[in-house]
Amino acid sequence: MDAKEIIARRVAIEIKAGMLVNLGIGLPSMVANFVPADRGVFFQAENGVIGLGARPPEGMQDPHLTDAGGGFVTAVPGAASIDSAMSFGLIRGGHLDMTVLGGLQVDELGHLANWKVPGKMVPGMGGAMDLVTGAAQVIVAMQHTARGEAKIVPRCTLPLTAQRRVNLIVTDLALIVPTDDGLVLRERAPGVTVDEIRAATGATLIVSHDIPEMQLA
Amino acid sequence: MKTALKPAAVAAMVPDGASLMIGGFMGVGTPERIIDALVARRAEGLTIIANDTAMPGRGIGKLVSAGCVARVITSHIGLNPETQAKMIAGEIEVELVPQGTLVERIRAGGVGLGGILTPTGLGTEVEEGKHVIEVQGCRYLLETPLKADFALISAYQADYAGNLCYMLTAHNFNPVMALAGAIVIAEAESIVPVGVIPPDAVKTPGVLVDHILERAM
């Protein structure tokens, strides 16, 4: 199983029946593949649909029905189309149960940076700042390191996405919970040791003596 | 009853240096034929207010490629490398705004509000230079209203009275922008007699719409 699939399968366990969930573009969007259709979850795409469905059959794509990345999607029974004011009203107004986003850095305060690398990459924040500010739960789903560099660091050096502490960090190596005391290591990915996680982490991890292995959806 | 304008007449109505709100999300729900006409007349120095700048060859991306744009107020330019390159080269000024804040600033401009208070952006670069106001124990950023000389709207159907309805994720910024442009021009996929769009299905009342683009031949 590759790194992204481990992350997606672990995040999927966090998505409970009846939730309204926004999945970011890229890796986070893979999570939907591992959430059973009968769980009664509605996925929101911030461009304007509640009840995002799978890819349409070839030749049946509708140019009016896309996800936030511009890819063709379908809608599930019970879906609703909304405009951007309603979409961000849901997000900012506390009506969104969970958002799953990628990250460039997360730090010991649980702060996320994911929208800008000054001088190198300035894509813009899109909806990320509203999502991290407004969602009831924020899960960062990302690879533990990038080209050997730690992404979980003492303090973010990249511009922050919000001042809010994220609820959960899920990587290909570990599940980490930011708390008042710092970053608590809760689970190891299958076959990964605590020492390997520590070696790949720039921040201090709070580790109790027994860290269980992740269950995957 | 509205009269239908030819694309070239719309492009002639929009002077160089004008500010334009343009509907769409990654090119979905964007008035492409009006944009083509602006490119054809070699418009210059435009200020574009829009969710994103789409991608080269599509929607607002065509205006960027053709050198029509001096300034952009937007949430995301990540999928248009030309916008990023022109920003770095100093050819286009880019103001990045969180997506939920952008739509509410436009709404504020359109509905006569002096601004909005949002928690999005607190503690980030977005806060710089802005007033922070405390209301009922919570802190918010004061974000100012946005208006434009023109709102260029993409709709699914327009009727002869200018009433508009939208399809699925092609709503996005269009209904809100139709309030905030001094002159509102709608490009619809079809133009139908009054009554075909039921009153309850009208998302933009025709009283807001100044002009309709003639139907595609």
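The values are calculated or read from the model by the stated rules, or taken from the named source; none is laboratory data. This one's a predicted model, so the numbers in the text were calculated from it and none came from an experiment. When we count neighbours, we look across all protein chains shown, and the Cβ atoms used for this are built from the backbone with ideal geometry, even at glycine.
Hey, among the residues in segment B:1-12 that are crowded, with 16+ Cβ neighbours inside 10 Å and at pLDDT 95 or above, which one's farthest from the chain's Cα centre (by Cα)? It comes out as B:5.
On the stretch given as segment B:61-93, residues that are part of a strand (DSSP E or B) and more than 8 Å from every other protein chain (Cβ to nearest Cβ) total 6. Contact map, segment A:74-91: first residue on the phi < 0 side of the Ramachandran plot, second residue among the basic types (Lys, Arg), Cβ cut-off under 7 Å, separation 6 or more or different chains; pairs are A:85/B:107.
Each residue in segment B:147-167 was checked for being crowded, with 22+ Cβ neighbours inside 10 Å and either modelled with pLDDT under 95 or more than 21 Å from residue B:193 (Cα to Cα) (or both), and 4 pass. Looking only at segment A:137-160, which residues are more than 13 Å from the chain's Cα centre (by Cα) and within 14 Å of another protein chain (Cβ to nearest Cβ)? Answer for segment A:137-160, where residues must be more than 13 Å from the chain's Cα centre (by Cα) and within 14 Å of another protein chain (Cβ to nearest Cβ): A:155, A:156, A:157, A:158, A:159, A:160. Going through A:126, A:70, A:134 one at a time, which residue ends up being farther than 28 Å from residue A:181 by Cα, at the interface with chain B (Cβ under 8 Å from one of its Cβ atoms) and modelled with pLDDT of 95 or more? Going through A:126, A:70, A:134 in turn, the sole match is A:126. The set of residues from segment B:188-217 being touching a strand residue (DSSP E or B) at 6+ places or on another chain (Cβ under 6 Å), away from chain A (no Cβ under 14 Å) and of a type in the set (Asp, Glu) comprises B:210, B:214. Entry remark, segment B:163-186: residues being within 11 Å of another protein chain (Cβ to nearest Cβ), among the aliphatic types (A, V, I, L, M) and either in contact (Cβ under 8 Å) with a residue 24 or more places away in the chain or farther than 22 Å from residue B:100 by Cα (or both) number 5 in total. Residue check: residue A:73 meets all listed conditions (1) crowded, with 21+ Cβ neighbours inside 10 Å; (2) closer than 25 Å to residue A:136 by Cα; (3) in contact with a helix residue (DSSP H, G or I) (Cβ under 9 Å, 6 or more places away or on another chain) but one, namely (2). Kindly indicate whether residue A:184 is more than 10 Å from chain B (Cβ to nearest Cβ), under 26 Å from residue B:141 (Cα atoms) and not in a loop (DSSP other than H, G, I, E, B). The answer is no for residue A:184.
Per the listing B:198, B:145, B:193, the residue uniquely without any contact (Cβ under 8 Å) to a residue 12 or more places away in the chain and out of contact with any Ser or Thr (no Cβ under 7 Å at 6 or more places or on another chain) is B:198. Restricting A:48, A:134, A:127, A:26 to those that are crowded, with 19+ Cβ neighbours inside 10 Å and in contact (Cβ under 8 Å) with a residue 60 or more places away in the chain reduces the list to A:127.
Give the residues of segment B:133-160 that are under 22 Å from residue A:83 (Cα atoms) and hydrophobic (A, V, I, L, M, F, W, C), sorted by residue number. Selection gives B:146, B:148, B:150, B:151, B:152, B:153, B:155, B:158.
Just one of (1) facing chain A (nearest Cβ under 9 Å); (2) under 17 Å from residue A:85 (Cα atoms); (3) without any contact (Cβ under 8 Å) to a residue 12 or more places away in the chain fails for residue B:102. It is (3).
Scanning segment A:181-205 for residues that are more than 21 Å from the chain's Cα centre (by Cα) and closer than 22 Å to residue A:155 by Cβ yields a total of 4.
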